[in-house]
1. What pairs come up if the first residue lies in region 210-236 and is more than 24 Å from ILE197 (Cα to Cα) and modelled with pLDDT under 90, the second is away from ligand 1 (no atom under 16 Å from the Cβ) and not aromatic (Phe, Trp, Tyr), and their beta carbons are under 8 Å apart, counting only those six or more places apart or on different chains?
2. Applying the selection to region 200-217, what residues are surrounded by fewer than 13 Cβ atoms within 10 Å (Cβ to Cβ) and over 19 Å from the mean Cα position of the chain (by Cα)?
3. Return the residues of region 97-132 that are under 14 Å from PRO71 (Cβ atoms) and buried (at least 18 other Cβ atoms within 10 Å of the Cβ); say none if nothing qualifies.
4. In region 47-106, how many residues are touching a Leu at 6+ places or on another chain (Cβ under 8 Å), closer than 19 Å to ILE144 by Cβ, of a type outside the set (D, E, K, R) and in a loop (DSSP other than H, G, I, E, B)?
5. Can you tell me which residue in region 106-124 is farthest from the chain's Cα centre (by Cα), limited to those that are under 15 Å from LYS258 (Cβ atoms) and of a type in the set (A, V, I, L, M, F, W, C)?
6. Scan (1) among the aliphatic types (A, V, I, L, M); (2) closer than 25 Å to SER78 by Cα; (3) buried (at least 22 other Cβ atoms within 10 Å of the Cβ) for the single condition ALA182 breaks and write down its number.
7. Do we find that THR107 is touching a residue at least 24 places away in the same chain (Cβ under 8 Å) and out of contact with any Ser or Thr (no Cβ under 6 Å at 6 or more places or on another chain) in this structure?
8. Taking the stated definitions as given, is THR47 at pLDDT 95 or above, within 27 Å of ALA182 (Cβ to Cβ), within 16 Å of ligand 1 (Cβ to nearest atom) and among the polar types (S, T, N, Q)?
Amino acid sequence: MTLALPVPPVLDELPTWLQPRIPDLFSPLKTPCRLCCIMQKGGTSKTTTTVCLACELALMGFKVRIWDLDPQEGSATSWMPPQTGVSGTPRNLLHMFKGEASPDEVTYPTAVPNLSIVPSYTSLKQAEVDSEIVGVEQGVAWGIENSTETFDVEIADCGPSLGKLTVAGMIACPELIIPLKASGLDMRSMTSLNRTIELTKRVQPKLNRRAVLLAEVLKTNLTRAMFDLMCRDFPEALVMGVRSSTAAREAPLPHILKPLHEYAPEATVRLDYQFLGAALVERRTA
Ligand SMILES: Nc1ncnc2c1ncn2[C@@H]1O[C@H](COP(=O)(O)OP(=O)(O)OP(=O)(O)O)[C@@H](O)[C@H]1O
Ligand SMILES: [Mg+2]
């Protein structure tokens, strides 16, 4: 099973075994489409992938909206803060869940043209535990269906858990992108991820493992073994590595705070996300 798409020259320098694997039957999604970055293990590049992929899709000309489903600090909201024009914490996803704001009222432009965000803050933890906030699991899907403004791509960034918010992400955005690291511990956590995906399929039968990313890949035997394993276990998914680069760590720093494509347009990690965007979503013909 080899590439159905040409590999951009920038990926040529990768060893053959680390070239992206695009199955023969894989075809890019047509818009509108809904993507969800999910992996309950912490620090596997979900947020980096969400933000960088969203930016690449926005650069391709799509209208993109990020749903930040992670109550942690250091989430997508902190890298792509909403442009509200006023100070203080803006109305956010929690307000929508509680019925205190409409989906349009919690959707804000970001500094990147074509890219909007539904922000979240640490207060979002309430949505996991407060039994009076009903319908959280269906809440994001409801938000998308009840937005006046429409988007070509909706993309959810899940936190490191398999709780209600992650299930809400999967129900709303069934095309799953699973970033993990080449490590035995990450590999072992796939069992519970797969179980949750199968259970969620009862309410969202369209759930599909669209892409598996090996984050911060190193050219090691372990990476090679995991890459082969992911290709075997996810025969219908795009499997690719995302290279490690200090630029990915620096771009969200408070004194830099730029999207990766502006901060380090030539960085290998940026080129990998550019490739991912082009492979995942079909470019519009003029
Ligand atoms: N390709 C990369 N090269 C170098 N560093 C990276 C890369 N991708 C992510 N990182 C860094 O790895 C750390 C974890 O990344 P990130 O926050 O995106 O993971 P996450 O899965 O969203 O974490 P969490 O589970 O806490 O939500 C961050 O410090 C980030 O800057
Ligand atoms: Mg994150």
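1. From residues that are more than 24 Å from ILE197 (Cα to Cα) and modelled with pLDDT under 90, the pairs are LYS219/PRO15.
2. Scanning region 200-217 gives ARG202, PRO205.
3. PHE97, VAL118, PRO119, SER120, TYR121, LEU124, ALA127
4. Matching residues across region 47-106 total 2.
5. Among residues in region 106-124 that are under 15 Å from LYS258 (Cβ atoms) and of a type in the set (A, V, I, L, M, F, W, C), the one farthest from the chain's Cα centre (by Cα) is ALA111.
6. Condition not satisfied by ALA182: (2).
7. Answer is no for this residue.
8. Criteria met by THR47.
The values are calculated or read from the model by the stated rules, or taken from the named source; none is laboratory data. Owing to the predicted nature of the structure, the values given are computational and were not obtained by experimental measurement. Neighbour counts are summed over all protein chains in view; Cβ atoms, including those assigned to glycine, are modelled from backbone coordinates with ideal geometry.
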